[in-house]
Amino acid sequence: MSDVHLVYSPPRPSRKDFRIGILGGGFIVDECHLVSYRKAGLNPVAIASRSVEKAAGVAHRHAIPQVRASYDELLDDPSIEVLDIAVPPQHQPQWIHAACARGTVKGILAQKPLALGYAQAAEAVRACEQAGIALAVNQNMRYDPSVYAAKGLLQAGALGAPVFATLDMRAIPHWQPWQDGTGSASLWIMSIHHLDCMRYWFGDPDRVFCSTRSDPRTRFPHSDGICTTILEYDEGLRSVVIDDVWTGPAREGCPGDIRIDWRIEGLDGVAMGEIGWCREPYTTPSTLRYARKGDAQFHRFLPAESWFPDAFSGTMNQLLIALESGEEPAIGGRDNLRTIALVEAAALSAAERRMVAPSEIPCLNSAEAQP
């Protein structure tokens with residue numbers, strides 16, 4: 001059978017000169033956001049961090065013209081059109097509300113998780129709506145080239161009705177100091193990417209069952225270092241997400257097997273990919289291969305792009321496109337509430353050792369929470 005035209009690069013805005021202000025100066029900003037923004041020709045104009053010295057260093061490396069002495073000083077600048085918030089999730093709602101109180105920016109790109117709980121996340125979404133600010137969430141795995149191309153295969157019906165899907169992470173993430181205090185090593189940090197990916201591909205599951213245990217290596221208190229999550233869909237699809245941040249004693253003298261693999265099996269074909277992350281160097285291009293009934297061999301897809309850092313311009317671009325069109329961002333706040341609810345459902349399932357429907361999460365089906 002003939003090959004399918006794969007699209008792995010998401011759309012870009014017509015206008016690239018939106019004035020972007022950055023809140024935060026950590027690794028994710030320095031090594032991902034700004035690298036990807038500059039590559040895409042976007043326009044970051046100001047940055048603030050808890051440390052002025054850190055902000056100045058990041059500004060110098062990425063040619064950002066203005067360094068603000070504080071987050072408040074940056075928020076007080078009426079020339080900033082788009083706010084890129086990259087602070088720990090336990091502090092992010094505070095700065096979303098602060099921006100909404102000023103009401104000067106047109107759009108906000110928030111980090112995932114939007115908040116460490118559905119109620120706080122919903123409050124942030126409502127605040128942006130009341131202020132007339134477009135809110136998008138940086139669920140950037142959607143714009144990994146293999147994940148994005150797989151969505152195209154599904155939309156084109158190339159694989160037929162989906163039957164079974166898996167996403168298997170065997171990797172040791174770079175833990176951040178702010179995670180100590182969240183109580184989470186995986187569900188709110190890595191699993192949220194993978195659960196959102198399943199939502200992106202297949203929509204909302206009807207039920208979820210999650211089993212967790214602690215990671216022997218991670219020292220801060222947590223119960224979710226290793227997570228296995230089963231997603232059930234009433235039409236028959238089953239998907240399984242494995243998040244393993246232990247990955248064996250790879251840092252204690254054993255050879256490592258570091259990888260993130262995914263697989264989608266449909267009635268008419270199969271697709272599988274590898275997300276190039278957590279390697280040495282820390283990121284490499286992702287891959288995809290697929291085959292359909294009648295194919296003699298797999299079609300292989302080898303993009304030059306990778307998840308980190310290339311996907312980060314995708315999440316900013318979808319917000320800028322929304323500002324141009326006046327429509328909801330592709331990864332808008334309302335949509336992301338359903339990802340937050342899915343993570344909470346997984347956490348509840350693990351705690352109570354039972355299958356949980358995301359609709360059990362308080363407020364998910366209320367009028368205020370409807371997309």
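Enumerate the pairs (first residue in region 260-272 and free of Cβ contacts under 8 Å to residues at least 60 places away in the same chain; second residue anywhere and basic (Lys, Arg)) with beta-carbon separation below 8 Å, excluding pairs fewer than 6 apart on the same chain, so at least 6 apart or on different chains.
272/263; 272/289
Specify which of the listed residues (101, 86, 131) is under 15 Å from the mean Cα position of the chain (by Cα) and assigned by TED's automatic domain parsing to the domain that holds residue 29.
Just one listed residue meets the conditions, 86.
Out of curiosity, is residue 119 out of contact with any helix residue (DSSP H, G or I) (no Cβ under 8 Å at 6 or more places or on another chain), more than 29 Å from residue 184 (Cβ to Cβ), assigned to a helix (DSSP H, G or I) and small (Gly, Ala, Ser)?
Taking the combined requirement at face value, the residue does not satisfy it.
Considering only residues that are touching a Pro at 6+ places or on another chain (Cβ under 6 Å) and in contact (Cβ under 8 Å) with a residue 40 or more places away in the chain, look in region 110-133 and name the one that is surrounded by the fewest Cβ atoms within 10 Å (Cβ to Cβ).
Result: 116.
Tally time: how many residues in region 201-220 are in contact (Cβ under 8 Å) with a residue 60 or more places away in the chain and of a type outside the set (Gly, Ala, Ser)?
Of the residues in region 201-220, 9 are in contact (Cβ under 8 Å) with a residue 60 or more places away in the chain and of a type outside the set (Gly, Ala, Ser).
With the requirement that a residue be closer than 10 Å to residue 313 by Cβ, surrounded by fewer than 23 Cβ atoms within 10 Å (Cβ to Cβ) and in contact (Cβ under 8 Å) with a residue 40 or more places away in the chain, what does region 24-41 give you?
Correct list: 32, 35, 39, 40.
In this structure, is residue 184 farther than 28 Å from residue 310 by Cα, in contact with a helix residue (DSSP H, G or I) (Cβ under 9 Å, 6 or more places away or on another chain), part of a loop (DSSP other than H, G, I, E, B) and outside the structural domain of residue 28 (by TED's automatic domain parsing)?
No.
Report those strands (runs of 3 or more DSSP E) wholly inside region 222-315 carrying at least 3 residues which are hydroxyl-bearing (Ser, Thr, Tyr), surrounded by 16 or more Cβ atoms within 10 Å (Cβ to Cβ) and in contact with an Asp or Glu (Cβ under 6 Å, 6 or more places away or on another chain).
none
The values are calculated or read from the model by the stated rules, or taken from the named source; none is laboratory data. Keep in mind that what you see is a predicted model, and the values were worked out from it rather than measured. Because the Cβ atoms are built from the backbone with ideal geometry, glycine has one as well, and the counts that use them run over all protein chains shown.
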